[in-house]
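Participant: I have a structure I would like to understand better, so I am pasting it below and will then ask my questions one at a time.
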Amino acid sequence: MKTLTITTISRGIERVQEKVSFVFLCAFMPLRLCVEFFHIPSRTRFFLFFLSLFSLCNFLEAGDIQTFPKEAKESLSKLLQGNDRYVKELLVHPNRSQERREEVSQAQYPFAVIVGCSDSRVSPIIVFDQGLGDLFEVRVAGNVVGPIEIASVEYAALHLHSSLIFVMGHENCGAVKAVLANQTQDIEPIAERIQAAINAIPGAGKGSLEMAVKANVIATVKQLRENPGIAKLIKENKIRVAGGYYHLETGKVELCCDLL
C-alpha cells in the first residue's frame, strides 16, 4: 500500500510537470508573442494572463491524478462529485491511462464498494465518472444481497480497505416492478428479498415504484450494517454504509439513505 502511494504521487508530479509545460507552450508563449508584436494594452494583458491561468487549472483538473479517500465521508463526496460531472456532461474519465493500468496490475485499492443492480443502464464507473481500480462492484438484479454478495462486500471491506459501501437502486427497476405486479415466477430468490424489503416499510407495497425501489435500498443498507463483519468495521470507524436512487432520465444519484 505504501509503495503504491509513493508511485502514485511520483507519477502525479510528473504529469503535473508535463501539463504545466504543455499549457505554458500553448497559452503563455502565444500571449508573450502577442504582447511583443502587437503591443496589447496592459489591461488586456492582465485579462489574458488570468484567462490562461484559469485554463491551466481546468486542464490539470481534467487529468487522472486522483486522491485516495481515507474516510467514508470523503468517498461519498468523491462519488457524488463524479455523478455531478456526469449529469452536467463534464466528464474527466479519470484513471484510464496506461500508467493507471500498470499501477493496478498487481493490486487494487478501490475507495468504495458499489452494491448495485445488474441493469445495463446503470454502470457505476460511468455514472460516478471513475476509472480503473476506483470502485469494487457487486451487481445483481434488484441490488439485493445474499450470502455470496455479502461475502464479496466483506472481502472488499476487510482486505481492500474500501471506506464506503454504497447501495444503489434505480428508476424503473424491472425486478422491483415484477414483485409489485406479482410476476416473479422466474426470479423467486430475488423476489423474496425484495418483497421482504417492501413489507418492512408501511405503504411501500401500495405506493409508487420509486417508493418500493427506495424501500429495497434501505433494507439492503440495513442488512449490510447489521452483518457482524461489517458492523465490526463500522464500530471501528473503518467503513460506513449509505444508499442512493439513480434517476435514469437525468442521470442524477439521489441519496435516500445517508451515512450514520
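Participant: It is to be established whether one or more residues within segment 133-144 are assigned by TED's automatic domain parsing to the domain that holds LYS252, assigned to a loop (DSSP other than H, G, I, E, B), in contact with a Lys or Arg (Cβ under 9 Å, 6 or more places away or on another chain) and within 23 Å of LYS222 (Cβ to Cβ).
Facilitator: Within segment 133-144, one or more residues are assigned by TED's automatic domain parsing to the domain that holds LYS252, assigned to a loop (DSSP other than H, G, I, E, B), in contact with a Lys or Arg (Cβ under 9 Å, 6 or more places away or on another chain) and within 23 Å of LYS222 (Cβ to Cβ).
Participant: Among the residues of segment 209-255, which ones are of a type in the set (Val, Ile, Thr) and in a loop (DSSP other than H, G, I, E, B)?
Facilitator: Those that are of a type in the set (Val, Ile, Thr) and in a loop (DSSP other than H, G, I, E, B): ILE239, THR250.
Participant: As an exercise: evaluate ALA157 against (1) crowded, with 23+ Cβ neighbours inside 10 Å; (2) closer than 15 Å to GLY243 by Cβ and give the number of the one condition it does not meet.
Facilitator: (2)
Participant: Out of ALA231, ALA200, report the one residue that is in the same structural domain as ALA112 (by TED's automatic domain parsing), aliphatic (A, V, I, L, M), at pLDDT 95 or above and surrounded by fewer than 15 Cβ atoms within 10 Å (Cβ to Cβ).
Facilitator: After ruling out the rest, the residue left standing is ALA231.
The values are calculated or read from the model by the stated rules, or taken from the named source; none is laboratory data. Computed from a predicted structure; not experimentally measured. Every residue, glycine among them, receives a Cβ derived from its backbone with ideal geometry; neighbour counts consider all protein chains shown.
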